[in-house]
Amino acid sequence: MLAMHRVPPQLMGIMPPGGGNFGDVEKAAKVFAINELSPIMESLKSVNDWAGQEVVRFAPYALLDALNGKS
């Protein structure tokens, strides 16, 4: 059921079996934002065109700004 949401397990606080780890949380968050969140946000922005005014707005994702060298 959780896989359906396509959220990496380390971002959901799931503990791996056997005391291992899922890898770098920050890298997983950046990849998730680029591959999953950005397309959904772009698609939701089409509501603005339909409504004729800005009704949906998203703040920049802080981890991606850090990746691009913005503060």
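The values are calculated or read from the model by the stated rules, or taken from the named source; none is laboratory data. These figures come from a predicted structure and were not determined experimentally. We place every Cβ from the backbone using ideal geometry, glycine too, and count neighbours over all the protein chains shown.
If we scan segment 23-42, do we find a residue that is of a type in the set (Gly, Ala, Ser) and surrounded by fewer than 11 Cβ atoms within 10 Å (Cβ to Cβ)? First the steps, then the outcome.
Kept after step one, since they are of a type in the set (Gly, Ala, Ser), are these residues of segment 23-42: 23, 28-29, 33, 38.
Within this subset, residues satisfying the condition of being surrounded by fewer than 11 Cβ atoms within 10 Å (Cβ to Cβ) are none.
Checked against the condition, which is being of a type in the set (Gly, Ala, Ser) and surrounded by fewer than 11 Cβ atoms within 10 Å (Cβ to Cβ), segment 23-42 yields no hits at all.
Conditions tested, residue by residue: (1) at pLDDT below 80; (2) in contact with a Lys or Arg (Cβ under 6 Å, 6 or more places away or on another chain); (3) among the β-branched types (Val, Ile, Thr).
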site: 7; (1), (2), (3): no, no, yes
site: 37; (1), (2), (3): no, no, no
site: 44; (1), (2), (3): no, no, no
site: 66; (1), (2), (3): yes, no, no
